[in-house]
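A short worksheet on the structure shown next.
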Amino acid sequence: MIANLPLFHRIAAQPVIVLGAGEAAEAKRRLVERAGGEIVENLQEGIDRGARLAFIAHDDDTSVQADAIRARCAGLLVNVTDRPELCDFTVPSVLDRAPVLIAIGTGGASAGLAKQLRLRLERLLPPSLGALADALYAAREGLRARWPNAGERRRALDAALGEGGPLDPLAEESADRVATWLAGEAKPLQAGTLEITLRSPDPEDLTLRQMRWLGAADLIASEPDVPQAILDRARADASRAEIGAGEPAPHAAGLILVLRTA
C-alpha cells in the first residue's frame, strides 16, 4: 500500500494561499509562481476567492496550527512547512523535462533524500525527454489512424519506448525518430499469452523483460501465492484474474500475462 496518492495539480491563473515570511515561505512562493499560480497572502481573501491550496510557513507554532485548522475547515488542502503531521499534501522534489515532470516524494520523511534522488536522475534523463513527449503528442492522430484499437496502440508504444527500442526515452535521438518510426516498421508487442514463473517473491528479482511484460499486459492472471509486491509492478489499469495452481490462463483479448510461483 502506498501512503500518499501522487497527483499533478493545475494551478495556472488560480489563487493559491502562501502564508509566512522567511526562506521557507519564499521557496513556496517561487514554486507557486513557477506553476503559474497567483499568490494570495491573506487567508480570508484566499478563502473568499476560492483557493484550493494553502501553504503555511509561519515561525510561530500557534499561528501555524490556527491557520492550518481554519484553512482545512474552509475546505482547502494544506501544506505546513516541516510539519508533515499537519499536512494534507507534501511537496515533492521535481525533475523538470517539460512537459515531462518527475516528482519524487518521501511523504515528508526527508526532503534531502528526495533531492538527492532527483539529482541522480537529472544525470540519467536527457534534456530531449520533453521533446520526445511533444513529438508523441503531435503524433496522436497518426497513432490512432495506424492502430485504431487502443490495446494495439499501447503495445506498439510499449515496444518502441522500451529499453533499446527506437524511441527509448534515454536516447538523445529518440525525439527525432517518432515520424520515421510511425511511418516505417513500427510493430506492437504481439497479443497472446506469456508466462512468468517467479524465481522469488522479491520484485527486484524480476528481469527487465519481465518488468516490461508487466507494464504492457492487458490482463494479469496470477496464482494465489503470487505476492502483492509483484502484482503492484503491473499496470494499474490492467485487468486482474486469479487462477488456481497449474490452471491455464483465461481467454481474453490483448496481451495476457500469467504469473506462477515455482
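Can you find a residue in segment 203-222 that is within 18 Å of GLY151 (Cα to Cα) and part of a loop (DSSP other than H, G, I, E, B)? Checked against the condition, which is being within 18 Å of GLY151 (Cα to Cα) and part of a loop (DSSP other than H, G, I, E, B), segment 203-222 yields at least one hit.
For segment 144-166, the tally of residues that are within 21 Å of ALA253 (Cβ to Cβ) and in a loop (DSSP other than H, G, I, E, B) stands at 3. Considering only segment 36-78, how many residues are modelled with pLDDT under 95 and among the charged types (D, E, K, R)? So the answer is 3. Every condition in (1) more than 27 Å from LEU129 (Cα to Cα); (2) under 18 Å from the mean Cα position of the chain (by Cα); (3) surrounded by 12 or more Cβ atoms within 10 Å (Cβ to Cβ) is met by ASP96 except one, and the failing one is (1). The C-beta contact set for segment 194-214 (first residue within 23 Å of HIS251 (Cα to Cα), second residue assigned to a loop (DSSP other than H, G, I, E, B) and among the aliphatic types (A, V, I, L, M), distance under 6 angstrom, 6+ apart or interchain) comprises THR197/ALA262; LEU214/ALA234.
Quick one: in segment 215-224, of everything that is closer than 15 Å to GLU195 by Cβ and at pLDDT 90 or above, which residue is surrounded by the fewest Cβ atoms within 10 Å (Cβ to Cβ)? The residue in question is GLU223.
Regarding ILE39, is this residue without any contact (Cβ under 8 Å) to a residue 40 or more places away in the chain, more than 20 Å from ASP82 (Cα to Cα), touching a helix residue (DSSP H, G or I) at 6+ places or on another chain (Cβ under 9 Å) and part of a strand (DSSP E or B)? Criteria met by ILE39.
Just so you know, in segment 107-127 the residues that are assigned to a helix (DSSP H, G or I) and in contact (Cβ under 8 Å) with a residue 12 or more places away in the chain include one that is surrounded by the fewest Cβ atoms within 10 Å (Cβ to Cβ), and it is LEU124.
Scanning segment 63-102 for residues that are assigned to a loop (DSSP other than H, G, I, E, B) and either closer than 27 Å to LEU113 by Cα or of a type in the set (Val, Ile, Thr) (or both) gives THR81, ASP82, ARG83, CYS87, ASP88, PHE89, THR90, VAL91, PRO92, ALA98, PRO99. Looking at segment 132-139, is at least one residue buried (at least 17 other Cβ atoms within 10 Å of the Cβ), closer than 30 Å to ALA249 by Cα and either of a type outside the set (Ser, Thr, Tyr) or in contact with a Cys (Cβ under 7 Å, 6 or more places away or on another chain) (or both)? No: segment 132-139 contains no residue that is buried (at least 17 other Cβ atoms within 10 Å of the Cβ), closer than 30 Å to ALA249 by Cα and either of a type outside the set (Ser, Thr, Tyr) or in contact with a Cys (Cβ under 7 Å, 6 or more places away or on another chain) (or both). If the condition is being outside any helix (DSSP H, G or I) and either closer than 15 Å to GLU173 by Cβ or at pLDDT below 95 (or both), then segment 128-142 contributes only SER128. Tallying residues that are of a type in the set (Phe, Trp, Tyr) and loosely packed, with under 12 Cβ neighbours inside 10 Å within segment 172-204 yields 0.
Tell me the residue from GLU23, GLU33, GLU41 that is under 27 Å from the mean Cα position of the chain (by Cα), of a type outside the set (A, V, I, L, M) and surrounded by fewer than 14 Cβ atoms within 10 Å (Cβ to Cβ), please. Steps first, answer last, please.
Details: GLU23 fails: under 27 Å from the mean Cα position of the chain (by Cα); GLU41 fails: under 27 Å from the mean Cα position of the chain (by Cα).
Checking each option against the conditions leaves just GLU33.
Each row is one residue, and each column tells you yes or no for (1) under 20 Å from ALA156 (Cα atoms); (2) touching a strand residue (DSSP E or B) at 6+ places or on another chain (Cβ under 8 Å).
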residue	(1), (2)
THR207	no, no
GLN210	yes, yes
ASP218	yes, yes
LEU257	yes, yes
THR261	no, yes
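Somewhere in segment 226-242, is a residue within 19 Å of the chain's Cα centre (by Cα), assigned to a helix (DSSP H, G or I) and either in the same structural domain as TRP147 (by TED's automatic domain parsing) or under 24 Å from ASN149 (Cβ atoms) (or both)? Among the residues of segment 226-242, not one is within 19 Å of the chain's Cα centre (by Cα), assigned to a helix (DSSP H, G or I) and either in the same structural domain as TRP147 (by TED's automatic domain parsing) or under 24 Å from ASN149 (Cβ atoms) (or both), which makes the answer no.
The values are calculated or read from the model by the stated rules, or taken from the named source; none is laboratory data. What you are looking at is a predicted structure, and each value in this text was computed from that prediction instead of being measured. Don't worry about glycine lacking a Cβ; one is built from the backbone with ideal geometry, like all the others, and counts go over all protein chains shown.
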